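Down below is the structure, laid out as structure tokens.
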């Protein structure tokens, strides 16, 4: 910055300022000798014609003025040395410079990110980049489509096999065909004439049965069921139906109201089914039952696969976490064992690390299973530390010794009975305090969190 | 009451209610008590400088008023003992710290602080018998702590003025003493005499012209630019501090100062060309010479030890 300065102008302005300051002080001396108190009287009253009053000065110093008023005050300050010096003292005392630096420290990182991100995005879509990006995107798209197609094909083969077995039951379900596609799906799931009717009657022939079919699939085993089991499952389906909210805003109508069901049928499948778009508003149309059943089976299988996959992922994740924890424990035990072996001649002292490590592992395992374990752990560590070291956590900052007490750093000179001034970090009082006592602010910053400091015979509780 | 006045009163009432709801400790104050204070604040800081203030601007301005500080000040004004206790408890360190900064000794600081508390409480009585304290002048725009510091500072200046002492830093007074002694030739800091008296006279006239041009150019600058020049050169602040007074970062202040150098140079040269009849090259050279002359004087004036006889001989 300094290298850009016009050194000649800098010297000229400094010389000019010296000369002007001399002239001002000579004039001030003359005023003082003349015992002119007009300016002094005006300085403390509100709305002074010549000087800014205390309220105006403090409001300007804290940048708490509307823009036009601030501009007016700025014009006065440019010409009034006394007010300018007063406001300078207030500005420096209020720590405005530090606030500006903090804001500047935060702002550039935000500014830098956006252009870099934009630049990268622009670069990505630049014609040159498309040479490489387009083939990659195309390949990825082709791969995804192929994967989905293969998967669908595989499942459809499995569904068609099952559908061929269940074609015997379809004539019986023709009676309930008007109730919707889901009835036929339920019929095929039941795999017998009587069971299909039972299923249909239990579930109802409505829009939400597509979701219910998925629910059934998710909770019921995939193998065909016997009649007794099917009835039990039907009962459970009923219960599930009651529990789960229907995708349709209206509750499922009774089975007897087939007309209403058929009227309601079109909307639900489209609302609930993402995996089988073929089952849709055309439910009233006559379709081939095997095809419809196959589609429904695909949908239920997809959801079953999804649920199974998510369950498997959860199991893997928890297994990995426990394995990691066990590995950590094994490492610690190994280390402590090594320490024990190294100090084998030490006898009881060598046993201590191993014992301690095992104790820690045991404590951790217990804590992982108990609720609120995380809150307990720091205290366990502190107690362990206390037990092993037999000392309370202390720190010394700027010649003041502090000890940890109940989450706060407490000055060794603090007496709980003495009057304490509570100040919250970031508050006006705190800013005033650290402006007056910068060392106190440095101590508070060094310790962090809640701090009780005895400063010049007064106790201050600085809260976060 | 005119429609505008009615609308303003309505906005004021709503702003007062919001202020009371914002306050953590409203100290049993109501809108009727606070409205007059807020009205005067609006007239002082908002309506005076901007005639076309909208209702939104008034509302936003009222929402920036420090609710708790204002309620505390008003409650103290009304003689609330609990409020006074809180005021002294919270701001005693602030007042004492400001008093120490403005006083030469601890005793003087204590006395100044006590004077401030007395001024705040009010030594005179109003017509209704209540004490007339300075808390009535606190608007709530800035913090109460900052206002108290300003009051302490002004009271200290007032005392110094009454005792016929100039308020200035020791460095400045010593520096100026050296300058005065140097100019009057009373000191031992002798510089090499000009080889030609006419040349010395010409140089003095040039410097005088430069100072006049600088004064004119600085006075013609915008308020913000003029304030920056005054803060940095006249008050001797660092760029970081000058920027803080302006409400900008140090880097911004530096860039502005660099721009001002160029602008001032251009305008000073233009004045010298127009009023002195110099050419541009002559004006530029004069500026360079004057700057060099000032640097020489400055380096010698800042010498700690007086020159020995041998050093003075060498300077000649």
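Since every read-out is calculated from the coordinates, none of them should be taken as a lab result. Computed from a predicted model, the values in this text were never measured in an experiment. Counting neighbours? That spans all protein chains shown, and the Cβs are built from the backbone with ideal geometry, glycine included.
Remarks
- Alpha carbon convex hull of the range B:8-156, volume per residue in cubic angstrom: 117
- Convex hull volume of the range A:420-464 per residue (C-alpha atoms, cubic angstrom): 57
- For the range A:386-455 versus the range B:64-107, the spacing of their alpha-carbon centroids is 24 Å.
- Distance between modelled label sites at residue A:34 and residue A:394, nm, 7 Å Cα→Cβ extension: 6.6
- Counting only other chain Cβ atoms within 10 Å of each residue's Cβ, the peptide B:238-245 averages 6.
- Inter-chain shielding of A:90-102 (mean C-beta neighbours from other protein chains, 10 Å cut-off): 6
- Shape analysis of the range B:210-286 based on the Cα gyration tensor places the equivalent ellipsoid semi-axes at 27, 11, 9 Å, largest first.
- Look at A:91, B:264 and count the other Cβ atoms within 10 Å of each Cβ; fewest to most, that gives B:264, A:91.
- Of A:11, A:416, B:40, the sequence from fewest to most neighbouring Cβ atoms within 10 angstrom is A:416, B:40, A:11.
- Extension gain for residue B:108 to residue B:289 (0.36 nm times residue separation, less C-alpha to C-alpha distance): 60.4 nm.
- Exposure proxy ranking for A:69, B:252, based on other Cβ atoms within 10 angstrom of each Cβ and starting from the fewest, stands as B:252, A:69.
- Temperature 37 °C, viscosity 0.692 mPa s: under these conditions the Stokes-Einstein estimate for the range B:12-78, based on its Kirkwood radius over C-alpha pairs, is 273 µm² per second.
- Average beta carbon contacts from partner chains per residue of B:257-270, 10 Å cutoff: 3
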